[in-house]
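Notes for the one structure printed next.
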Amino acid sequence: MRRKLAAGNWKMNGVTAALGELDALQEAASGPADVLICPPATLIATASAKAGDLAIGGQDCHTARSGAHTGDLSAEMLKDAGATYVILGHSERRADHGETDALVAEKSRAAWSAGLTSIICVGETLDEREGGKTLDIIGMQLAASVPDGCTAENTVVAYEPVWAIGTGKVPTTAQIAEVHAFIRSSLIQRFGNSVASAIPVLYGGSVKAANAAEIFAVDDVDGALVGGASLKASDFAPIVRALNAA
């Protein structure tokens, strides 16, 4: 059975006081699904010290172990601070920082070397969706962003339709099912069924308590990568509970 994962990406939100939300998540996190919070890097060490049943992750890492890279953090630094996961290739990093598929793959290899699990994000823009290019885009991103050596232990794939992030728009369950089935078949074709069938594939894009159960009922949806709704335990806990019940 594939592990289920509810991952919260706090993005550039939160100061120390926000970590009280971790305490409020503990009950929901005691279920069968893994629960991950990726706070800003400034909070990782403090969060990991009080994480309890939660996993803590980073939102990005550099490709190098160390060096003259002002403002960057290596995967080893994240690991040392208590992180066990790192989000890579999020659409906001790709758009705001010009990150390429090749760079995402290089970062993922760095994460693996440090003992972190990579959450590799793929997804199409609205223009690409409306142009009928969704599967072509996803296929290219998977091929170039996911390195050789991918396993269920070191990799999670997250499908995040860019046009749905923070907009309130959500693809139909049929659209989600189509992309997740395509991701699964692409992974199987490349890595073989025994490896690829165990790799969790998350959905990310305006997941809320109101739509979580419906999304988690879709084949090959093994959890969610959640943005704004993960900032408050009162919003995120119902999503976790829906995943536990799926």
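The values are calculated or read from the model by the stated rules, or taken from the named source; none is laboratory data. Note that this is a predicted model, so its numbers are computed, not measured. Cβ coordinates were reconstructed from backbone atoms using ideal geometry, including for glycine residues, and neighbour counts include every protein chain displayed.
Listed values, structure above:
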quantity: Residue match in segment 117-126 (condition: acidic (Asp, Glu), closer than 25 Å to Gly166 by Cα and out of contact with any Cys (no Cβ under 9 Å at 6 or more places or on another chain)); calculated: yes
quantity: In segment 49-93, the residues that are crowded, with 20+ Cβ neighbours inside 10 Å and touching a Gly at 6+ places or on another chain (Cβ under 6 Å); calculated: Ile56, Leu78, Ala83, Tyr85, Val86, Ser91
quantity: Unique residue being touching a Ser or Thr at 6+ places or on another chain (Cβ under 6 Å) and within 22 Å of Ala212 (Cβ to Cβ) when the list is Ala105, Ala55, Ala7; calculated: Ala55
quantity: Unmet requirement for Ile137, which otherwise passes all of (1) buried (at least 16 other Cβ atoms within 10 Å of the Cβ); (2) in a loop (DSSP other than H, G, I, E, B); calculated: (2)
quantity: Helices (runs of 4 or more DSSP H) enclosed by segment 65-116 - at least 1 residues per element that are more than 22 Å from Glu153 (Cβ to Cβ); calculated: 91-97, 101-114
quantity: Contacts under 8 angstrom Cβ, first residue in segment 16-39 being closer than 13 Å to Phe236 by Cβ and part of a strand (DSSP E or B), partner among the charged types (D, E, K, R) and modelled with pLDDT under 95, 6 or more apart; calculated: Val35/Asp53
quantity: Residues of segment 1-22 that turn out to be more than 16 Å from Asp220 (Cα to Cα) and charged (D, E, K, R), as a count; calculated: 2
quantity: Conditions (1) within 20 Å of Ile37 (Cβ to Cβ); (2) β-branched (Val, Ile, Thr); (3) within 15 Å of the chain's Cα centre (by Cα): number failed by Ile215; calculated: (3)
quantity: Residue in segment 94-106 that is surrounded by fewer than 19 Cβ atoms within 10 Å (Cβ to Cβ), among the acidic types (Asp, Glu), in contact with a helix residue (DSSP H, G or I) (Cβ under 6 Å, 6 or more places away or on another chain) and in contact (Cβ under 8 Å) with a residue 40 or more places away in the chain present; calculated: yes
quantity: Test: residue in segment 194-207 that is more than 14 Å from the chain's Cα centre (by Cα), modelled with pLDDT of 95 or more and among the aromatic types (Phe, Trp, Tyr); calculated: no
quantity: Which listed residue is part of a loop (DSSP other than H, G, I, E, B) and free of Cβ contacts under 8 Å to residues at least 40 places away in the same chain, from Ala51, Ala47; calculated: Ala51
quantity: Test: residue in segment 16-24 that is touching a helix residue (DSSP H, G or I) at 6+ places or on another chain (Cβ under 6 Å), more than 25 Å from Ala144 (Cβ to Cβ), of a type in the set (A, V, I, L, M) and surrounded by fewer than 23 Cβ atoms within 10 Å (Cβ to Cβ); calculated: yes
